[in-house]
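The values are calculated or read from the model by the stated rules, or taken from the named source; none is laboratory data. Please read these numbers as outputs of a predicted model, since none were measured by experiment. Virtual Cβ from ideal backbone geometry, glycine too; neighbours counted across all protein chains shown. Just so you know, the surface numbers come from the protein's heavy atoms only, side chains and all, with ligands and any DNA or RNA stripped out. Shrake-Rupley method; radii C 1.70, N 1.55, O 1.52, S 1.80 Å.
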Amino acid sequence: MGRIPAGYLFRRLGIFVLTIWLAATVIWIIPRLAPGDPISAMVGRMAASAGFIENADAIIEGWQERFGLNEPLFNQYLRYLWGCLRFDFGYSLASFPTQVSTLIGFALPWTIGLLLLAVTITFIFGNFVGAIMVWSHTPRIIKALIPFGLVFTSIPTILAALLLLYVFAFLLNAFPMRGAYALGVEPGLSWDFIWTVIYHGTLPALAIILVSFGYWALGMRGMMITVEGEDYIQLAKAKGLKPFHILYRYMVRNAILPQITAFALALGTLVSGQILVEYIFGYPGMGKLIYDAIITQDFAVIQGTSYIVILLTAIAVLIVDLAYPFIDPRISLKGGR
Amino acid sequence: MLDNSPQRTAALEVKGLKIYYETPAGDVRAVDDVSFTLYEGETLGFVGESGCGKSTASMGILQLITPPGRIVAGEVRLDGQNLLELSEEELRRQRWEKLSLIPQGAMNSLNPTMRISAQFRDVIQTHEGKQPKAKLKQRILDLFQTVGLPARIYSMYPHELSGGMKQRVCIAMGIALNPKVIIADEATSALDVVVQRVVAQTMLKVKKALGVSMIMIGHDMGLMAQMVDRIAVMYAGHIAEIATVEQMFRRPGHPYSQVLIDSVPSLTERQALRVVEGITHDPRNPPKGCIFQLRCPHAMDVCRREPPERREIEPGQEVACHLWQRQPDGRYADVRQSA
């Protein structure tokens, strides 16, 4: 444990690059499998709505040249890959002439802010609940109450979101209905702005936490029960260690390892996974962007967001892979694969 | 041979210990009315077949019985205190300082995510409070030396150690706080014969050096004979016989002890494997009378009627068997010979 061998690091980074390249290629190929070309289709649609467009052919040709669609496919592909490297995904079709990267630049911080926080809280809270469900020193009343909290696990996120909106935003008027911050507040690093962001983010975060902490809790509970039966727990008790020390140093420490792997995978689906929550709460994040892009058939945005989602997933998995030997001393990266 | 005069002080006294496991079909009486005394400085061996309750009895002494098991009755006196009456916190403070365990499965008895040194540090500092780092490290290294472990394992993790090393780590941990009593629960069973011998010798050496009292649990009568002062033979939750090693091998009093001794293979003669006839009774529903009657080759009418009391057939040798009857001169004799 302790150090990451250079050989492993290079191999692992190679796999990372390969993953991104393959994913980017697939994203590029799929739209091109569809018949026709987007510019003729767009001009065709415009012609259909306007009745007649002068020099339609010239427009199509001009645009094709502009987007490089008259070049050989391979050149287009190389140009696309070069664009991916610079996060340049061209123009949004639905909100032309805004660049796709600009749209993502606005949406991504909101999603990372809200979801990273919500998913992390869910992870910590869920594992905490799972751990105290098993611990023999947990007060009975708490053990009796936990199953009621798990009821939310069986409710779809969308219904939980609507329920929260109805109760807290509509009935009690305690939280805003939609948006990420109050309109009158100037975005920036001011207390007013931070406060309004927290105020607006509470309900969407709550919807995610309530619905998904149960999965962590139940997974953790299972692992805790397995660990509790291990010989080293019995020896720890015989050693007369303090119950809380046994809980966190002997039980949780060992039970949480598989949960961390699962957390990395959850982080990967984080950006795309909560589209409905963002949509219901009108939260201007990646989920909303993806949703709008699908509705308006904005292929450039779909392509760009998909690429970003894949990139973030790969980064999360890479970090956990490299961090694992520090978390579990039994894992060694030397010579392994 | 150790003399067994009553002047010897008791380190641990167990009286009428009963431990039952709850099952849907009724309680399994894993330990049923077990009483014995462990004297200071001696090693008492518990032998018996798998499931006879020897490990459960040791867990009962350590107060580590978990549901569905429960301690139904009994007293475990250590230093004049009944461990069964202590509060959880009082018990926790007594643990390891007075009564430590060398566990059955040393392979899995160390926390895989903690360095060996940390697993010593936490038990020492929990019981003795914070200590200077250098002093603590020296103390742990001294413990390693006592059991013949190299200093380099200090900051290793358990998975980097061999089975024999882990077992010795457990022995070193068991003596870390200089306890009054150590319970070694099949400490050598999981090891191969060569390592078994080395570990057993280590244990004896440590025991002699510290003068600690020890309960050693095992099922190998031959190994026991070399390591302990007295042997308690257990059968189905009862102590069938308790005697010094010498007495036990010279003249085993209980038919079951005889069977166990006969099962030790001899190096000089080749014998067919001795098989005990009959089957063990259903532990949820023990037969009336003697617990061994279904398998005993000498079972008599009285054995089916009343359970045999434990009787001292000669100083230091106690047998729970109807074969031994008090004679007019006050001594006990085997009815098979007198008839």
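Is one or more of the residues making up segment A:7-29 of a type in the set (D, E, K, R) and either over 35 Å from the mean Cα position of the chain (by Cα) or at pLDDT below 75 (or both)? Within segment A:7-29 (the criterion being of a type in the set (D, E, K, R) and either over 35 Å from the mean Cα position of the chain (by Cα) or at pLDDT below 75 (or both)), the answer is no, since none of the residues qualifies. Entry remark, segment B:240-261: residues being open to solvent by 10 Å² or more (accessible area, probe 1.4 Å), among the aliphatic types (A, V, I, L, M) and at pLDDT 90 or above number 1 in total.
Tell me, which strands (runs of 3 or more DSSP E) wholly within segment B:265-338 include 1 or more residues that are open to solvent by 100 Å² or more (accessible area, probe 1.4 Å)?
B:324-326
Residue by residue through segment B:107-129, note down the ones that are without any contact (Cβ under 8 Å) to a residue 12 or more places away in the chain and at the interface with another protein chain (Cβ under 8 Å from one of its Cβ atoms).
First, pick out the residues of segment B:107-129 that are without any contact (Cβ under 8 Å) to a residue 12 or more places away in the chain: B:108, B:118, B:122, B:125-126, B:129.
Of everything in segment B:107-129, those that are without any contact (Cβ under 8 Å) to a residue 12 or more places away in the chain and at the interface with another protein chain (Cβ under 8 Å from one of its Cβ atoms) turn out to be B:Asn108, B:Asp122, B:Thr126.
Return yes when A:Val151 is within 17 Å of A:Val211 (Cβ to Cβ), open to solvent by 30 Å² or more (accessible area, probe 1.4 Å), without any contact (Cβ under 8 Å) to a residue 60 or more places away in the chain and in the same structural domain as A:Ile246 (by TED's automatic domain parsing) and no when it is not. Yes.
For the residues B:Gln94, B:Gln104, B:Gln145, the requirement of being more than 9 Å from chain A (Cβ to nearest Cβ), open to solvent by 20 Å² or more (accessible area, probe 1.4 Å) and polar (S, T, N, Q) singles out B:Gln145. Close contacts from segment A:218-237, counting a first residue that is facing another protein chain (nearest Cβ under 9 Å) and a second that is open to solvent by 50 Å² or more (accessible area, probe 1.4 Å), with Cβ to Cβ under 8 Å and a gap of 6+ residues or different chains, come to A:Glu230/B:Asn108; A:Asp231/B:Gln104; A:Asp231/B:Met107; A:Asp231/B:Asn108; A:Tyr232/B:Asn108.
Within segment A:159-210, the residues that satisfy the criterion of being in contact (Cβ under 8 Å) with a residue 40 or more places away in the chain, open to solvent by less than 60 Å² (accessible area, probe 1.4 Å) and outside any helix (DSSP H, G or I) are A:Gly179, A:Ala180. Suppose the filter is open to solvent by 70 Å² or more (accessible area, probe 1.4 Å), within 14 Å of chain A (Cβ to nearest Cβ) and part of a loop (DSSP other than H, G, I, E, B); does B:Glu89 pass it? Considered against the rule, which asks whether it is open to solvent by 70 Å² or more (accessible area, probe 1.4 Å), within 14 Å of chain A (Cβ to nearest Cβ) and part of a loop (DSSP other than H, G, I, E, B), B:Glu89 comes out as no. Scanning segment B:127-140 for residues that are open to solvent by 40 Å² or more (accessible area, probe 1.4 Å) and not small (Gly, Ala, Ser) returns B:Glu128, B:Lys130, B:Pro132, B:Lys133, B:Lys135, B:Lys137, B:Gln138, B:Arg139.
Filtering segment B:148-166 down to residues that are in contact (Cβ under 8 Å) with a residue 40 or more places away in the chain and within 14 Å of B:Phe120 (Cα to Cα), which residue is most open to solvent (accessible area, probe 1.4 Å)? Don't jump to the end; show me each part of the working.
Initially, segment B:148-166 is screened for residues in contact (Cβ under 8 Å) with a residue 40 or more places away in the chain, giving B:148, B:155-159, B:161, B:163, B:166.
Checking which are within 14 Å of B:Phe120 (Cα to Cα) leaves us with B:155-158, B:166.
Numbers: B:Ser155: 63, B:Met156: 44, B:Tyr157: 26, B:Pro158: 8, B:Lys166: 26 Å².
Applying the filter and picking the extreme gives B:Ser155.
Determine, yes or no, whether A:Ile39 is in contact (Cβ under 8 Å) with a residue 12 or more places away in the chain, among the aliphatic types (A, V, I, L, M), in a loop (DSSP other than H, G, I, E, B) and at negative phi.
Working: in contact (Cβ under 8 Å) with a residue 12 or more places away in the chain: yes; among the aliphatic types (A, V, I, L, M): yes; in a loop (DSSP other than H, G, I, E, B): no; at negative phi: yes.
Spelling it out, it is not the case that A:Ile39 is in contact (Cβ under 8 Å) with a residue 12 or more places away in the chain, among the aliphatic types (A, V, I, L, M), in a loop (DSSP other than H, G, I, E, B) and at negative phi.
Would you confirm whether any residue within segment B:29-46 is open to solvent by 60 Å² or more (accessible area, probe 1.4 Å), under 16 Å from the mean Cα position of the chain (by Cα) and within 23 Å of B:Glu246 (Cβ to Cβ)? The answer is yes; a qualifying residue exists. The set of residues in segment B:255-270 being in contact with a Pro (Cβ under 9 Å, 6 or more places away or on another chain) and over 16 Å from B:Gly222 (Cα atoms) consists of B:Pro255 alone.
Of the strands (runs of 3 or more DSSP E) lying entirely inside segment B:158-240, the ones with 2 or more residues being over 24 Å from B:Pro112 (Cα atoms) are found at B:213-217, B:230-235. Among the residues of segment B:58-79, the ones that are away from every other protein chain (no Cβ under 11 Å), open to solvent by 60 Å² or more (accessible area, probe 1.4 Å) and not in a strand (DSSP E or B) come to 2 in all.
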